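Read through the structure below, which is laid out as structure tokens, and then see the notes.
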Amino acid sequence: MKTKAILFYVPLLWLYSLVGWGQEVNISINLDEKAPIISKHIFGHFAEHLGRCIYDGLYVGDTNKIIPNTAGVRNDIIAALKELRIPNLRWPGGCFADTYHWKDGVGPKEERPTIVNRWWGGTTEDNSFGTHDFLNLCEVLGAEPYLSANVGSGTVQELIDWVQYTNHDGKSPMADWRREHGREQPWKVKYWGVGNETWGCGGNMTAEFYANIYRQYATFMPGWSGETKIVRIASGASEDDYHWTETLMKNVPHHLMEAVALHDYAVFNWEDKGPSLNFDEEVYYKSMEQALKMEEYVTKHVAIMDKYDPDGKVDLFVDEWGGWYDAEPEVKKGVLYQQNTMRDVMIAGTVLNTFNNHARRVKMANLAQMVNVLQAVILTEGEKMIKTPTYHVMNLYKVHQDATLLPTTITNNTAYRGLPSISVSASKSNTEGINISLVNIDANEQIEVIIDLQHISSKKFTAQQLASNNITAHNSFQNPDSVKPMPFKDFKVKGDKLIVNMPKHALVVFNSK
Ligand code: AHR
């Protein structure tokens, strides 16, 4: 009998040691009266003159009779973005911004000079999409415009003229010029970037040099807009360049700077980023390792900001983020275009959870780039338009916009390859109720997640999931709905516990009203 038991149990134990015991992750949702609001601007977007983001993407031209459009912008894109309730849109770059001269993009379109897009493929653009086109689009979308100004090859005068042109409601040379071009009322643009990546494509400056330049530009920017208080955004660090943030926080008087930027892309090797579609599990985990570093970067940049600005007057804007892979082979050399898969769902879900959880200081973020470039929410091909898996993440996560953060603690989040499996954020709002967004990044294992709801009164949850058997699942022009939100039912509420069986590489958003 004893020998039989040994023969039975020992192999079983050996098998368990190979496949694991089945993980159980515990989360508690806490109450904190001082918890911040999750700014809706965390769910912002970015449109750059790059590849087919603007021309032959968002903008098909106001004389286009084939693709239905409003003042040249595709109607299907407008409808899709309205559904997302996009809170803000950054434009015109990126690297492009520090070569852009806004005065070339106003007035009669046929008289506008061309511009060579020297950063992105050397394409000659006709400047037909300019300031009016962009700001009017933002009005149609109900989104706040964020203008990224040219410091690298521009002048202080050019920038203050732009502020005056867009924001001044009285009589002035620039306001009168705007009226001549058909726009009586100023747009009152609030968000202004003072250069982009000034440590690199924006001028290869040192932090100390840029801090001085920034002070000069920022001095002359306000005062052109009547009652509108503008937000001046200092060009920020890349990834873990803490010296950059420290220098700005130390050298720039805080009354001159409302926000500091940060850029961080999920790239594991800048020389060989790997394909956007045909990647294996190894590459998937490398991408996730990079994406999850956002937590460390934000934590450390925020700690520096806390040191110099304990009252939290200067915000952190992560105004470029997303997954970046090798461009699809058919794309013109020097421009970017990539597909979007369940890997991007994992990246967007975990990174947005990080931003939500840091809502005290992170007040804006901009996913790069909205249409046809990096982690796009929309792809177009001629008359066709598809919503990517990342679009659906943004749509599911919009419940967090302007909701109050519910801080969470997570334990037993046993790591695979040193990475946590589960990412979470939660919020509460008057209109949306309680929202919990959960991501399981594990490529192979379903994970049981037990969420302690003792502080939550309403426990009647419904849930939507983004899941697929295949981590490379994506939407194509032939099969546009391969990845889309579906109802999720594999959970139960037992007393104070929400018990969830999170499928492998899946994202689930719970809601209880
Ligand atoms: O998003 C592509 C490029 O990445 C942007 O133009 C630049 O700001 C960053 O380096």
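Laboratory data are not the source of any read-out in this text; all were calculated from the coordinates shown. Predicted model, so just to flag it, every value in this text is computed and none were measured. So basically every Cβ, Gly included, is an ideal-geometry build from the backbone, and we count neighbours across all protein chains shown.
Points worth noting:
- Of all residues in the range 170-212, those satisfying the criterion of being in contact with a Cys (Cβ under 8 Å, 6 or more places away or on another chain) and surrounded by 20 or more Cβ atoms within 10 Å (Cβ to Cβ) are Trp187, Asn196, Glu197, Gly202.
- Restricting attention to the range 42-82, the residues that are closer than 16 Å to Glu320 by Cβ and within 16 Å of the ligand (Cβ to nearest atom) total 9.
- Within the range 371-388, restricting attention to residues that are within 19 Å of the chain's Cα centre (by Cα) and under 16 Å from Asn75 (Cβ atoms), the residue that is nearest to the ligand (Cβ to nearest atom) is Val371.
- Restricting the range 87-100 to residues that are in a strand (DSSP E or B) and touching a His at 6+ places or on another chain (Cβ under 6 Å), the residue that is nearest to Val373 (Cα to Cα): Leu89
- Neighbours by Cβ (under 9 Å, 6+ apart or cross-chain): first from the range 322-337, farther than 16 Å from Gln375 by Cβ; second aromatic (Phe, Trp, Tyr) and more than 11 Å from the ligand (Cβ to nearest atom): Glu330/Tyr337
- As a summary of the residue check, Asn269 satisfies the conditions (1) within 20 Å of the chain's Cα centre (by Cα); (2) among the polar types (S, T, N, Q); (3) surrounded by fewer than 23 Cβ atoms within 10 Å (Cβ to Cβ); (4) more than 19 Å from Ala359 (Cα to Cα) except for the one numbered (1).
- Scanning the range 332-370 for residues that are within 13 Å of the ligand (Cβ to nearest atom) and not polar (S, T, N, Q) gives Gly334, Val335, Leu336, Tyr337, Leu367, Ala368, Met370.
- Within the range 193-218, the set of residues being among the polar types (S, T, N, Q), touching a helix residue (DSSP H, G or I) at 6+ places or on another chain (Cβ under 7 Å) and more than 16 Å from the ligand (Cβ to nearest atom) comprises just one member, Gln216.
- Summed over the range 100-135, residues that are away from the ligand (no atom under 16 Å from the Cβ) and either basic (Lys, Arg) or under 22 Å from the mean Cα position of the chain (by Cα) (or both) total 5.
- Residue in the range 170-190 that is among the basic types (Lys, Arg) and on the phi > 0 side of the Ramachandran plot present: yes
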